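J.: Structure in structure tokens, see below.
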Amino acid sequence: MTVQAERMAPSGRPGNGPVGGKARSVYLSLRGEISSGTYAPGATLPAESKLAASHDVSRVTVRRALAALAAEGLVETRSGAGTTVTEGAQAPLSADIASALPQLAQMGQATTARLLSFAYVAAPAPVLRALDLPEGARVQRATRIRLSEGRPFSHLTTFVPEAIARHYDEADLARAPLLQLLERAGTRIEAAQQSVTATAATPEVAEALGTVLGAPLLSLTRTVRDVEGRGVEYLSALYLPDLFRLDMTLSRVREGDTSHWEPVIGGGA
């Protein structure tokens, strides 16, 4: 598992990118190409004139995008040498979707979390349905951001039935991964069902993740069940796509004259 390592902007927070729409578009595009490895550490970016032509913008717009990348420590511009990708621009965190639970536990130990909110509330309708709870049931709702080397990469909101959640407190949740706390409380986790889609950053989430309003995010929802099939956790997670990815290893299965792809359970990321 590799960790995305990005330097902080001069303010100590990750850069939010340029404000202008066109400059922001170029910034996000280049940022994605850097994080995906299209431009690896040490690589030289195309000249400003070529970037301007390929993105159909002015060179001034390109300079603003490059300045934002430089403020995050992702690139460095030197007179006569062009703009190069720094050694701090590494690959994102990754997890294999076919073996997600153990990998997420490992990720929880390798990263840090910051608790943003903690409360006991009436379960929202989607949570009631997902966890098979009765009407009016209360859950513990907690919102955290998870950081890698000080850089936020995920915004997590979890809902746990009150009877289970009372076995740990706010301080515990700020220190340990939730799966670890559930197991410590005697919950024997058996399975999980999840779905993945895309969404855009709201003002609150953008502020927490240090990104721009409307930035694309990877959206994941997961329902975790114990050995008796009871719902024990509902997770709504948002990830910065340049800092986190979900992988899947597939195997080609042939049946007579037909064939199809199947996930390899336990496949590596």
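FYI, it's all coordinate maths here, none of it is from the lab. These figures come from a predicted structure and were not determined experimentally. Reconstructed Cβ throughout: ideal geometry from the backbone, glycine too, with neighbour counts over all protein chains shown.
J.: Going by amide H atoms built from the backbone, whose H comes under 5 Å of the H on residue 82, apart from near neighbours?
T.: Sorted by chain and number, the residues that satisfy this come to none at all.
J.: Using 0.36 nm times the number of residues separating residue 167 and residue 114, minus their current alpha carbon distance, what extension gain do you get? Numbers along the way, then the final one.
T.: Working: separation 53, 0.36 × 53 = 19.08 nm, distance 2.00 nm.
Length difference between fully extended and current span is 17.1 nm.
J.: I would also like to ask the following. Quick one: net charge around residue 185, please, counting Lys, Arg +1 and Asp, Glu -1 for every other residue with C-beta under 14 Å from its C-beta.
T.: Details: positive: 166, 184, 188, 230; negative: 162, 169, 172, 183, 226, 233.
Net charge in that neighbourhood comes out at -2.
J.: Mind listing the phi-derived Karplus ³J(HN,Hα) values for the stretch 162-177, rounded to whole Hz, using 6.51, -1.76 and 1.60 with θ = phi - 60°, and x for any glycine or proline?
T.: 4, 4, 7, 5, 5, 7, 9, 10, 4, 5, 4, 5, 6, 9, 10, x
J.: Return P(r) of the stretch 21-85 (all Cα-Cα pairs; 10 Å bins starting at 0; whole %; ordered from short to long distances).
T.: Cα pair-distance distribution for the stretch 21-85, in percent: 24, 62, 14.
J.: Once Rh is set to the Kirkwood radius over Cα pairs, what Stokes-Einstein translational diffusion coefficient, in µm²/s, holds for the stretch 138-219 at a temperature of 20 °C and a viscosity of 1.002 mPa s? List each step's numbers first, then the result.
T.: Details: Rh = 14.5 Å.
The calculation lands on 148 µm²/s.
J.: Here's a follow-up. Using θ = phi - 60° and the Karplus relation 6.51 cos²θ - 1.76 cosθ + 1.60, list the HN-Hα couplings for the stretch 138-149 in order, rounded to whole Hz, with x at every Gly or Pro.
T.: Values, residue by residue: 9, 9, 8, 10, 9, 10, 9, 10, 10, 10, 10, 6 Hz.
J.: Spelling out what I want: for every residue of the stretch 220-225, take phi, set θ = phi - 60°, compute 6.51 cos²θ - 1.76 cosθ + 1.60 (Karplus), and round to whole Hz; glycine and proline get x.
T.: 10, 10, 9, 10, 9, 10
J.: Between residue 190 and residue 147, what length in nm is gained on full extension when 0.36 nm per residue of separation is reduced by their alpha carbon distance?
T.: On the way: separation 43, 0.36 × 43 = 15.48 nm, distance 2.69 nm.
Extending this stretch completely gives an extra 12.8 nm.
J.: For the pair residue 228/residue 200, report the inter-label distance in nm, with labels modelled 7 Å from Cα in the Cβ direction.
T.: Distance between the two pseudo-spin positions: 4.5 nm.
J.: Further, regarding this structure: First select every other residue whose beta carbon is under 14 angstrom from the beta carbon of residue 156; then total the charges, Lys and Arg +1, Asp and Glu -1.
T.: Residues close to residue 156 contribute a combined charge of +3.
J.: To continue, here is another question. Amide H neighbours of residue 43 under 5 Å, at least 5 residues apart or on other chains, H built in the peptide plane: list them.
T.: 85
J.: D for the stretch 198-263, whole µm²/s, Stokes-Einstein with Kirkwood Rh over alpha-carbon pairs at 20 °C and 1.002 mPa s: what number?
T.: Values: Rh = 15.0 Å.
Value of D from the Cα-based Kirkwood radius: 143 µm²/s.
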